[in-house]
Amino acid sequence: MSDITYDDRPAHESPPVSYGDFITFAHEKGLYRDCPICGANDWHPQVNTGEKQVHGDEAPMFLSTIPDARIEKYFAVYLMNCRNCGNVRFVSAKVLMRWRDARG
Ligand SMILES: [Zn+2]
């Protein structure tokens, strides 16, 4: 069973991505650019606030989904929102998990 890759199973069944992983990914991929709506650069990644015992870099990111009508499934995403205007950006959970797992 260990040869299942993260591309083969739903994102919610993979180990959660931590806030620290997300921040490293966001900086490495250049996600912290100015907001295309308001021009501010004040992004807030959404962590899972239901995990009260875990804080800081180890806090799990909030895994959300958006419907994909074309394939009648859901697309797993992480969210970051602009603190100035509320613009929300989506980051593919599978892309981030693939990046994390490739780093070892
Ligand atoms: Zn904005």
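Between amide H atoms placed 1.01 Å from N, distances below 5 Å from Val77 occur with Ser64, Thr65, Ile66, Ala93, all of them 5 or more places distant or on a separate chain. Bridging of Lys73 to lysines at a Cα separation below 29 Å is possible for Lys29, Lys94, once same-chain residues fewer than 8 apart are set aside.
With the highest mean first, a sort of the peptides 95-102, 30-37 on other beta-carbon atoms found within 10 angstrom per residue produces 95-102, 30-37. For Asn84 and Glu13, FRET efficiency with R0 = 30 Å and r from the beta-carbon atoms, rounded to 0.05? FRET efficiency, Glu13 to Asn84: 0.30.
FYI, it's all coordinate maths here, none of it is from the lab. Computed from a predicted structure; not experimentally measured. Note that each Cβ is placed from the backbone with ideal geometry, even for glycine, and that neighbours are counted across all protein chains shown.
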